[in-house]
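Contents: one structure, followed by commentary.
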Amino acid sequence: MMRRIELKPTEPFRADLIDRTGAFNADALKTATDIVADVRERGDEALTELTQKLDGVTVDAFKLPAEALDAALDQVDPDTLEALKHATRQIRDFHERQITQSWLFAREDGAIVGAKVTPLDSVGIYVPGGRALYPSTVLMNAIPASVAGVARIACVTPPQKDGTVDAAILAACKLGGVTEVYTVGGAQAVAALAYGTESVRPVDKITGPGNAYVAAAKKVVSGDVGIDMIAGPSEVCVVADATADARLVAMDLMAQAEHDPMAACYLVCESAAYADEVERAVEEHLAHSPRADITRASLEGHGLTVIVSDMEQALQTVNVIAPEHLEMHVANAMDYLGQIRNAGAIFLGPWTPEAVGDYVAGPNHTLPTGGTARFASPLSVDEFVKKSSIIQYSAKALLNDSKAVMAIALHEGLWAHAQSVALRMDAALQETGAPVEGAAGSASINGADAGTGTGAGAAAEAGER
């Protein structure tokens, strides 16, 4: 069922052994670019036509009334509502621990440096529809934004066939702190959030997963607005040793595969016999799955089993794959945590299926995909704030640093940079009462001194004048 590779002892796993699908293809990017341009030019008129064409729905008003969120709390079945509340509490608790405060540091010479942390004014969260409904995605995007202090949190989500929005999604919006909801999806929703229309107010940043067209649209608008990441198909890597229950491993692979035919599943284990056992368990589980077709398409099209000799080789394989989700079905899983360098979220031990991270554990389920865990991180409160550097110098501090500033400025050929320091030297010397060792001293720098290629020697000479 799953493609299989058996590594020789000590043979390293290589990235070119992975058959990965990107976040989007050239056709998706071209289509998304055209859609973004259309919405930017024609606003609501384009949104209406695209929603009719792509979703088969006519939407009279894209923005839902605020009362719809309140009403949704009574429309969701009690068990689901209580589950969403439980998830909300734990997700909020986790993200509140990520809050970064503004800070200042005073040096001995009187200079003050620091950072000012400010929430974004507005964000837009994209919540997918289509094959499944994702109230959990609302919570994972809205709650960190709310915790960060974002005043305006807009949600866009595709309409259902009857033109409405799922009550559980609306309930999650209410619980998560969403302030407005728009019934529009796809690349057109991303464009509306980025540039605004008659109905949709633009935002400063867009977060949340979506299909290839949504991912492509986020790439197109990136730079005009902020984005969290460009997410590709979801993926899981399961590392299993001889202690792992093959039935659980099989089901955990399927839990990822059932998302999408493009989802990628990786099994890393120590014997072909164990891999066979997992595949037999998959077949048994598939007989009961209502999403068997999607699951099988994912496993057969994008599944990979890697047979390794030992845990060292297994962990090397993991770090090359850099999976979105990593499950460690091994004895003493915590012992290997320090050797795992590349993974979006790490699930340790047999009692920790990925599903707990998807819904209620607290850490964010918006994670880097496609190997980007090599350099990217899960969605966090930091995505919803911006940081401004703070610098305040005293006269003494400027005197202390003047020679170094002028030397670098003159080396780079930037005369006015150096002059902006030099012109302050007399006043700085008077303010402090005495020259400070290493100070540039009073100077007026000729433009010729700052020509390209002046060099550090000329800079130092200027600093001694």
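Mind listing whichever residues of the stretch 4-33 are charged (D, E, K, R), touching a residue at least 24 places away in the same chain (Cβ under 8 Å) and within 30 Å of Y213 (Cβ to Cβ)?
D19, R20
Among the residues in the stretch 104-113, are any surrounded by 17 or more Cβ atoms within 10 Å (Cβ to Cβ), aromatic (F, W, Y) and either over 15 Å from Y182 (Cβ atoms) or modelled with pLDDT of 95 or more (or both)?
Among the residues of the stretch 104-113, not one is surrounded by 17 or more Cβ atoms within 10 Å (Cβ to Cβ), aromatic (F, W, Y) and either over 15 Å from Y182 (Cβ atoms) or modelled with pLDDT of 95 or more (or both), which makes the answer no.
Yes or no, residue by residue, for (1) aliphatic (A, V, I, L, M); (2) closer than 13 Å to G186 by Cβ:
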| residue | (1), (2) |
| --- | --- |
| M2 | yes, no |
| A23 | yes, no |
| K30 | no, no |
| D44 | no, no |
| G56 | no, yes |
| P65 | no, no |
| D79 | no, no |
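Each row is one residue, and each column tells you yes or no for (1) within 17 Å of G303 (Cβ to Cβ); (2) over 19 Å from the mean Cα position of the chain (by Cα); (3) modelled with pLDDT of 95 or more.
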{"position": "G226", "(1), (2), (3)": "no, no, yes"}
{"position": "T243", "(1), (2), (3)": "no, yes, yes"}
{"position": "A246", "(1), (2), (3)": "yes, yes, yes"}
{"position": "M251", "(1), (2), (3)": "yes, yes, yes"}
{"position": "M254", "(1), (2), (3)": "yes, yes, yes"}
{"position": "L267", "(1), (2), (3)": "yes, yes, yes"}
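Within the stretch 42-67, count every residue that is in a helix (DSSP H, G or I), surrounded by fewer than 18 Cβ atoms within 10 Å (Cβ to Cβ) and over 28 Å from the mean Cα position of the chain (by Cα).
7
Please pick out the residue among A263, A246, A231 that is closer than 30 Å to T305 by Cβ and out of contact with any Ser or Thr (no Cβ under 9 Å at 6 or more places or on another chain).
Testing whether each residue is closer than 30 Å to T305 by Cβ and out of contact with any Ser or Thr (no Cβ under 9 Å at 6 or more places or on another chain) leaves just A246.
When the residues of the stretch 293-337 are narrowed to those that are over 24 Å from H365 (Cβ atoms) and of a type in the set (A, V, I, L, M), which ends up surrounded by the fewest Cβ atoms within 10 Å (Cβ to Cβ)?
So the residue we want is A331.
I'm trying to understand the selection: among the residues of the stretch 247-265, which are surrounded by 20 or more Cβ atoms within 10 Å (Cβ to Cβ) and farther than 22 Å from A132 by Cβ?
V249
Look at the stretch 291-329 and say how many of its residues are part of a helix (DSSP H, G or I), closer than 15 Å to G370 by Cα and touching a Ser or Thr at 6+ places or on another chain (Cβ under 8 Å).
1
List, please: which pairs have Cβ atoms under 6 Å, are six or more places apart or on different chains, and start with a residue in the stretch 375-397 that is closer than 11 Å to T100 by Cβ and end with one that is outside any loop (DSSP other than H, G, I, E, B) and modelled with pLDDT under 95?
Taking only residues 6 or more apart or on different chains, not a single pair turns up.
Of the numbered conditions (1) farther than 27 Å from W351 by Cβ; (2) assigned by TED's automatic domain parsing to the domain that holds A322; (3) of a type in the set (A, V, I, L, M, F, W, C); (4) buried (at least 19 other Cβ atoms within 10 Å of the Cβ), I227 satisfies every one except a single condition; which is it?
Tallying (1) farther than 27 Å from W351 by Cβ; (2) assigned by TED's automatic domain parsing to the domain that holds A322; (3) of a type in the set (A, V, I, L, M, F, W, C); (4) buried (at least 19 other Cβ atoms within 10 Å of the Cβ), I227 fails exactly one: (2).
Scanning the stretch 375-389 for residues that are more than 20 Å from F94 (Cα to Cα) and polar (S, T, N, Q), which turns out surrounded by the most Cβ atoms within 10 Å (Cβ to Cβ)?
S388
From the list G303, G349, which one is touching a helix residue (DSSP H, G or I) at 6+ places or on another chain (Cβ under 6 Å) and modelled with pLDDT of 95 or more?
Among G303, G349, only G349 is touching a helix residue (DSSP H, G or I) at 6+ places or on another chain (Cβ under 6 Å) and modelled with pLDDT of 95 or more.
Which of the residues belonging to the stretch 192-203 are buried (at least 24 other Cβ atoms within 10 Å of the Cβ) and over 23 Å from D166 (Cβ atoms)?
Selection gives A194 alone.
(1) within 26 Å of V147 (Cβ to Cβ); (2) free of Cβ contacts under 8 Å to residues at least 60 places away in the same chain: which one isn't true of Q52, the others all being true?
Of the numbered conditions (1) within 26 Å of V147 (Cβ to Cβ); (2) free of Cβ contacts under 8 Å to residues at least 60 places away in the same chain, the odd one out for Q52 is (1).
For T369, all conditions in the list (1) surrounded by 24 or more Cβ atoms within 10 Å (Cβ to Cβ); (2) assigned by TED's automatic domain parsing to the domain that holds P261; (3) closer than 16 Å to Q256 by Cα hold save one; what is the number of the exception?
It fails just one condition, (2).
The values are calculated or read from the model by the stated rules, or taken from the named source; none is laboratory data. Note that the coordinates shown come from a computational prediction; the quantities given were computed from them, not determined experimentally. Note that each Cβ is placed from the backbone with ideal geometry, even for glycine, and that neighbours are counted across all protein chains shown.
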